[in-house]
Amino acid sequence: MRACFDAAKTWMAIPAPKRGEIVRQIGDALRAKLHHLGRLVSLEMGKILPEGIGEVQEIIDMCDYAVGLSRQLNGSIIPSERPNHMMMEVWNPLGVVGVITAFNFPCAVLGWNACIALVCGNCVVWKGAPTTPLITIAMTKIVASVLERNNLPGSIFTAFCGGAEIGQAISLDTRIPLVSFTGSTKVGLMVQQQVNARFGKCLLELSGNNAIIVMDDADIQLAVRSVLFAAVGTAGQRCTTCRRLLLHESIYRTFLDQLVEVYKQVRIGDPLENVRSIMEASCL
């Protein structure tokens, strides 16, 4: 943490477009390892291989997006009431941004946060989920290698592996002015209270209890397929996963019968094979 904090002085002094170039290189480095990293996501998290690869692609896409933003960090010129004066608005980096991610999207959520934080001139401290340490280590090594290849400290992007004690330390650390947390509502509330108590800033993406409402005039076949994907996709571990169905009584039996039939297509097994896996073994 000390190394990351010290590196922030170097990183924020680099012009934003040049920071964008580094992030572009990070995207290219991840692209070169796309399928390897995708398999690692599936191995650790349990989602099927196409989704594991798709998740890594998501962080690559975020790198591409952030590169464009690096040339658009514009301020404003504001008219002044004083003669021969003007006011300028300039956005300054915060320093270090903390990112705490959940096991269901072990690297995509990182990308949503870290790519933007980096081009804005912030260092990143990342705590991955304790159940997905391999993808945390792999991602960190790839990013650090790009930084070091450009004669920059690898500690600009720092990761910790561990449990709740690491997350609490990030929440309480005054060197981290902004903490982004993805996880349960219960823990998110604790993180918010700890960060707010020291006048820090929070970004929270928390759990849901999602329902799908199906009325009597709905396309039943389309709705059944939608429910299956909403409930089974990502091994049933999305924050937007369907947990409840509210069905009109006139279609209840028909809908249920069709839903049972499509669920028979779902296989529980190795997510690295060409099958659908509902849950990782530890969640059954």
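The values are calculated or read from the model by the stated rules, or taken from the named source; none is laboratory data. Worth saying up front: this structure is predicted, and the values here are computed from it rather than measured. So basically every Cβ, Gly included, is an ideal-geometry build from the backbone, and we count neighbours across all protein chains shown. In case anyone asks, the SASA skips ligands and DNA or RNA and just uses the protein heavy atoms, side chains included. Shrake-Rupley method; radii C 1.70, N 1.55, O 1.52, S 1.80 Å.
Does segment 169-188 hold any residues that are of a type outside the set (Val, Ile, Thr) and either more than 27 Å from CYS120 (Cβ to Cβ) or not assigned by the TED database to the domain that holds ALA3 (or both), and which are they?
SER184, LYS186
A quick yes/no check of all residues on (1) more than 21 Å from GLN57 (Cβ to Cβ); (2) among the polar types (S, T, N, Q):
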site: ALA129; (1), (2): no, no
site: THR136; (1), (2): no, yes
site: ILE142; (1), (2): no, no
site: ASN151; (1), (2): yes, yes
site: ALA159; (1), (2): no, no
site: GLY163; (1), (2): yes, no
site: SER171; (1), (2): yes, yes
site: PRO177; (1), (2): yes, no
site: SER184; (1), (2): yes, yes
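Pick from segment 134-160 the residues that are without any contact (Cβ under 8 Å) to a residue 60 or more places away in the chain and out of contact with any strand residue (DSSP E or B) (no Cβ under 8 Å at 6 or more places or on another chain): which of them is nearest to GLU205 (Cα to Cα)?
Filtering segment 134-160 for residues that are without any contact (Cβ under 8 Å) to a residue 60 or more places away in the chain and out of contact with any strand residue (DSSP E or B) (no Cβ under 8 Å at 6 or more places or on another chain), the one nearest to GLU205 (Cα to Cα) comes out as LYS141.
Looking for something part of a helix (DSSP H, G or I), more than 25 Å from the chain's Cα centre (by Cα) and not assigned by the TED database to the domain that holds LEU43 - is there at least one such residue anywhere in segment 232-252?
Yes; the residues of segment 232-252 include at least one that is part of a helix (DSSP H, G or I), more than 25 Å from the chain's Cα centre (by Cα) and not assigned by the TED database to the domain that holds LEU43.
Which one of these does ILE213 not meet: (1) modelled with pLDDT of 90 or more; (2) surrounded by 13 or more Cβ atoms within 10 Å (Cβ to Cβ)?
Every condition holds for ILE213 apart from (2).
Is it true that some residue in segment 47-56 is surrounded by 15 or more Cβ atoms within 10 Å (Cβ to Cβ) and within 23 Å of LEU147 (Cα to Cα)?
yes
Identify, please: which residue in segment 88-108 is in contact with a strand residue (DSSP E or B) (Cβ under 8 Å, 6 or more places away or on another chain) and at pLDDT below 95 and is, among those, farthest from GLN194 (Cα to Cα)?
Going through the qualifying residues, I end up with MET88.
Of these, ILE142, ILE166, ILE170, which one is more than 20 Å from CYS239 (Cα to Cα) and either open to solvent by less than 10 Å² (accessible area, probe 1.4 Å) or at pLDDT below 95 (or both)?
Answer to the check: ILE170.
Can you name the residue in segment 8-23 that is more than 23 Å from the chain's Cα centre (by Cα) and open to solvent by less than 60 Å² (accessible area, probe 1.4 Å) and, of all such residues, is nearest to ASP173 (Cα to Cα)?
The residue in question is ILE14.
Among what's in segment 193-207 and is open to solvent by less than 70 Å² (accessible area, probe 1.4 Å) and touching a strand residue (DSSP E or B) at 6+ places or on another chain (Cβ under 8 Å), pick the residue that is modelled with the lowest pLDDT.
SER207
With the requirement that a residue be of a type in the set (Ser, Thr, Tyr), closer than 30 Å to THR241 by Cβ and open to solvent by less than 50 Å² (accessible area, probe 1.4 Å), what does segment 65-113 give you?
Listed by number, the list holds a single entry, THR101.
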